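Novice: Structure incoming, see below.
The values are calculated or read from the model by the stated rules, or taken from the named source; none is laboratory data. What you see is a predicted model, and the numbers here were worked out from it, not measured in a lab. With ideal geometry, Cβ positions are generated from the backbone for all residues, glycine too; neighbour counts draw on all protein chains shown.
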Amino acid sequence: MTGTAGLLAVTGGLGLGTFAFRGAGRLLRARVTWPPRAERLTGTAVVVLLAALVATSGLAEGHGYAGLARTAGVAVGGVLAYRRAPFVVVVVAAAAVTALLRLAGLS
């Protein structure tokens, strides 16, 4: 399968798998218990995966470094998110810092 039909088949399969996992979670939640340590590690894993996603998508472009402007924007967004600023403020501030640094000639 190639082309549009293959893409639609894979997307549909992933969607069905996602709903199956969600349904299984709801059905098995009362029957399966995790140790408290495993629940804490799961919460930590979510934070680590999100930080890795931000680092790779925010600091890299293609196979190289994305530049100082984007790095500064990601840093400003990270600091504001850490300080629990509203999401809109985080996004607008990060975009503004990146745009102003690019306007100043830094890429």
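Novice: Check Leu28 against each of (1) in contact with a strand residue (DSSP E or B) (Cβ under 9 Å, 6 or more places away or on another chain); (2) aliphatic (A, V, I, L, M); (3) not assigned by TED's automatic domain parsing to the domain that holds Ala104 and name the one condition it does not meet.
Specialist: (1)
Novice: Tell me which helices (runs of 4 or more DSSP H) are completely within the chain and hold 3 or more residues being among the acidic types (Asp, Glu) and surrounded by 12 or more Cβ atoms within 10 Å (Cβ to Cβ), or say none if there are none.
Specialist: On the way: elements: 3-28, 36-59, 68-82, 87-103.
In the chain, there are no helices (runs of 4 or more DSSP H) which contain 3 or more residues that are among the acidic types (Asp, Glu) and surrounded by 12 or more Cβ atoms within 10 Å (Cβ to Cβ).
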